[in-house]
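The values are calculated or read from the model by the stated rules, or taken from the named source; none is laboratory data. Here the structure is a predicted model, which means the values were calculated and not measured. With ideal geometry, Cβ positions are generated from the backbone for all residues, glycine too; neighbour counts draw on all protein chains shown. Areas reflect the complete protein model, heavy atoms only, side chains present, ligands, DNA and RNA absent. Shrake-Rupley method; radii C 1.70, N 1.55, O 1.52, S 1.80 Å.
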Amino acid sequence: MAKRVGTDNKNIYLRCREAARLTREAAAELLGYISADRIYRIEKGAPPNPEEVLRMARCYHDPTLCNYYCANECQIGQEYVPEVKTRELSQITLEMLATLNSLNRDRDRLIEITVDGVISDDEISDFLAIQDSLEKMSLAVSALRLWVDQKIAEGKLDKSRFPGT
């Protein structure tokens, strides 16, 4: 069963539909093949399929639904996709810069560790710290992409100016 998130026992799909100011019937009409009854079942905890989530994300103008689904409901995604929290552009930028500064300091150490193709016991802790910084950078990049996707969905950025989105 899908995870419940938020207050009043409303899951993310219900909250996003309501944020889009759509009734189930209006959403079903916009979504096409997804009926109001199916929307109701998803909002009560039935697991959606990926195509349904993709359509809801587009219809509700909320790309965070896709990341949520992948990180929390998809078996593969639960293993490999971190949930990205939406933040303001300034916070994302500062996180990226802080991580870049850390990685700049660690670059030479990473070269020393990996040049021989072996990570020795005395190098593991440094390597893990560098790997953690790289994960933080990956999350910051994902947060930036999600921010762009959200602004495009809101009509605040022109999608044609952002190839690959």
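Would you say residue 136 is free of Cβ contacts under 8 Å to residues at least 12 places away in the same chain, assigned to a helix (DSSP H, G or I) and within 19 Å of residue 83 (Cα to Cα)? Lay out the reasoning, then the answer.
Values: free of Cβ contacts under 8 Å to residues at least 12 places away in the same chain: no; assigned to a helix (DSSP H, G or I): yes; within 19 Å of residue 83 (Cα to Cα): yes.
It is false that residue 136 is free of Cβ contacts under 8 Å to residues at least 12 places away in the same chain, assigned to a helix (DSSP H, G or I) and within 19 Å of residue 83 (Cα to Cα).
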inquiry  = Looking at (1) in contact with a Phe, Trp or Tyr (Cβ under 8 Å, 6 or more places away or on another chain); (2) within 30 Å of residue 21 (Cα to Cα), which one does residue 113 not meet, given that it meets all the others?
reply    = (2)
remark   = The correct count of residues that are touching a residue at least 24 places away in the same chain (Cβ under 8 Å) and in contact with an Asp or Glu (Cβ under 6 Å, 6 or more places away or on another chain) in the stretch 12-46 is 3
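Take the stretch 126-139 and flag every residue that is open to solvent by 50 Å² or more (accessible area, probe 1.4 Å) and out of contact with any Pro (no Cβ under 7 Å at 6 or more places or on another chain).
Filtering the stretch 126-139 down to residues open to solvent by 50 Å² or more (accessible area, probe 1.4 Å) leaves 126-129, 131-132, 134-136, 138-139.
Listed by number, the residues that qualify are 126, 127, 128, 129, 131, 132, 134, 135, 136, 138.
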task = For residue 164, state whether it is exposed (fewer than 14 other Cβ atoms within 10 Å of the Cβ), on the phi > 0 side of the Ramachandran plot, at pLDDT below 95 and within 19 Å of the chain's Cα centre (by Cα).
result = yes
message = Which residue is nearest to residue 104 (Cα to Cα), if the candidates are limited to the stretch 116-125 and must be open to solvent by 60 Å² or more (accessible area, probe 1.4 Å) and not aliphatic (A, V, I, L, M)?
response = 125
inquiry  = All but one of (1) out of contact with any helix residue (DSSP H, G or I) (no Cβ under 7 Å at 6 or more places or on another chain); (2) open to solvent by 70 Å² or more (accessible area, probe 1.4 Å) hold for residue 142; state the number of the condition that does not hold.
reply    = (2)
inquiry  = Quick check on this structure: which one of 157, 146 is within 30 Å of residue 21 (Cβ to Cβ) and under 16 Å from the mean Cα position of the chain (by Cα)?
reply    = 146
